[in-house]
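Everything below concerns the one structure shown next.
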Amino acid sequence: MSETPWWEAAYQHLRVERRVSSGRHVAVLTLDQPDKRNAMSDEMTASWGRAARLLADDPQLAAVVITGAGSAFCSGGDLSWLAGEPDATVHDLRLKMLRFYRTWLAVPTLEVPTIAAINGAAIGAGLAVALACDLRFIARTAKVGVPFTALGLHPGMATTWSLPQVVGIAAARDLLLTGRLVGGEEAAQLGLASRAAEAAEVLPLALEAADRIAAAAPIATRLTLRALRDGGHASFEQAVEWEGLAQAVTMTTSDLQEGLRAAGERRAPQFDGR
């Protein structure tokens, strides 16, 4: 494990808290620049990258929950940052954007489920972070959208890939080409979120989901996550082949034996990830 645990490291514009659930760790990352609707500052971006690196070193990590401070989830990239280098070349700007994308899209590539608690507005790159998560819960009052072209900007942060994966190509074309914002109820109807709820209930719903994940068998959870990410399997046959192997792996674990014992004894299982 890293010398500095992720819950003890120093961060700017980002709050990082550890919860212990079923003996495992749940990370709660709160984007923390509420006076700017949690826009992605340089300090927040650097802190996000550091958190991702440290979280990857924690063998007890079970899930990551991401939310925003104040009334917004994330208003996206800082607009002054986007226009801050008018004389830069395409090559230089491309490298800059790729660094930015890969930093922010690092946490959702962890080998544990990531959950977005969309407590308020999630715009542009802010929505992209939520789209990259495995589960999303959204406030009914939240407004979300990807109005890149309204700024004269091509979509970024992999939204031309992630949005179709989440809501389907027709809805993605609508949102990306018109740039319109949708409320929490419509977002849930589109499949952008698992559930819409009152703003005060969104984080508790996400934490409840994280607790259920933490109580499940770690090896089975990680293999299931691998099967579902990146759009799932390319074909029926690939799904059959993967499940034949992955289910066989879990059948050799002590966690399976514990799960079967617990089911027979009508008690909650105590998994140890072996």
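The values are calculated or read from the model by the stated rules, or taken from the named source; none is laboratory data. Predicted model, so just to flag it, every value in this text is computed and none were measured. Because the Cβ atoms are built from the backbone with ideal geometry, glycine has one as well, and the counts that use them run over all protein chains shown. In case anyone asks, the SASA skips ligands and DNA or RNA and just uses the protein heavy atoms, side chains included. Shrake-Rupley method; radii C 1.70, N 1.55, O 1.52, S 1.80 Å.
A few points about this structure:
- Cross-chain or 6+ apart pairs with Cβ under 6 Å, the stretch 115-129 first and more than 15 Å from T30 (Cα to Cα), then open to solvent by 10 Å² or more (accessible area, probe 1.4 Å) and in a strand (DSSP E or B): A125/G77
- If you check S80, S47 for being in a helix (DSSP H, G or I), free of Cβ contacts under 8 Å to residues at least 24 places away in the same chain and of a type in the set (G, A, S), only one passes: S80.
- When we screen F137, F148, F100 for residues that are touching a residue at least 24 places away in the same chain (Cβ under 8 Å), under 23 Å from S47 (Cα atoms) and aromatic (F, W, Y), the only hit is F100.
- Considering residues of the stretch 169-191 that are of a type in the set (D, E) and over 11 Å from G145 (Cα atoms) only, the residue least open to solvent (accessible area, probe 1.4 Å): E186
- Annotation note: Cβ proximity below 6 Å between a residue of the stretch 224-238 that is closer than 16 Å to L131 by Cβ and a residue that is open to solvent by 60 Å² or more (accessible area, probe 1.4 Å) and not in a loop (DSSP other than H, G, I, E, B) (sequence gap 6+ or interchain) occurs for G231/Q165.
- When restricted to residues that are part of a helix (DSSP H, G or I) and surrounded by 10 or more Cβ atoms within 10 Å (Cβ to Cβ), the stretch 252-274 contains 10.
Yes/no matrix, rows are residues, columns are (1) part of a loop (DSSP other than H, G, I, E, B); (2) open to solvent by 10 Å² or more (accessible area, probe 1.4 Å); (3) at pLDDT below 95; (4) not basic (K, R):
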position	(1), (2), (3), (4)
E8	yes, yes, no, yes
D35	no, yes, no, yes
N38	yes, no, no, yes
R53	no, yes, no, no
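- Residues (assigned to a strand (DSSP E or B) and not hydrophobic (A, V, I, L, M, F, W, C)) located in the stretch 114-140: T114, R136
- The residue that is nearest to the chain's Cα centre (by Cα), among those in the stretch 156-168 that are without any contact (Cβ under 8 Å) to a residue 24 or more places away in the chain and open to solvent by less than 50 Å² (accessible area, probe 1.4 Å), is P164.
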